[in-house]
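To start, the structure itself, in structure tokens.
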Amino acid sequence: MKRSIDFALDDHPDHPSDDRTTTAWAVAIMDDCESCDDLRVELTLEEKGRPGTGVIAHLSPASARRLHAALATALKELGEKT
């Protein structure tokens with residue numbers, strides 16, 4: 001089983017002098033990792049327009065919570081309320 005949770009493109013503006021490319025991200029939950037023996041959060045990052053060429057992380061619940069905490073800390077340091 002795999003269920004998509006959310007997906008989007010980053011909102012970094014394209015500019016000819018910038019070497020950053022637009023990135024697509026997707027989050028899903030899955031239970032088909034045979035060697036994991038538990039549910040996983042799947043995080044996919046790839047360059048816009050290049051499906052299947054990105055990096056996929058299969059995060060345990062503990063690792064997903066750690067990533068969540070790191071993003072919350074980064075937002076707090078930017079002055080955002082989480």
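Here are a few things to note about the model shown:
- On the chain, 55 percent of the accessible area sits on carbon and sulfur atoms, based on a 1.4 Å probe.
- Difference of contour (0.36 nm per residue) and Cα-Cα distance, C33 to D11: 4.8 nm
- Anisotropy class of the chain from Cα gyration tensor, a/c 1.5 cut: oblate
- Sparse-neighbourhood loop sites, GluC sites (Glu not before Pro) in the range 1-68 - DSSP loop, at most 15 other Cβ within 10 angstrom: E34
- Here the relative contact order of the chain, from alpha carbon pairs under 8 Å that lie six or more residues apart, stands at 21 percent.
- Helix 61-77 and the longest principal axis of the C-alpha atoms of the chain enclose an angle of approximately 20°.
- Sites excluded, trypsin sites (Lys or Arg not before Pro) in DSSP loops with at most 10 other C-beta within 10 Å, longest stretch of the chain: 21-80
- Surface exposure of the chain, expressed per residue as accessible area with a 1.4 Å probe, stands at 81 Å².
The values are calculated or read from the model by the stated rules, or taken from the named source; none is laboratory data. The structure presented is a predicted model; accordingly, all values stated were derived computationally and were not measured. Note that each Cβ is placed from the backbone with ideal geometry, even for glycine, and that neighbours are counted across all protein chains shown. Please note that ligands, DNA and RNA were not included when accessible areas were found on the heavy atoms of the full protein model with its side chains. Shrake-Rupley method; radii C 1.70, N 1.55, O 1.52, S 1.80 Å.
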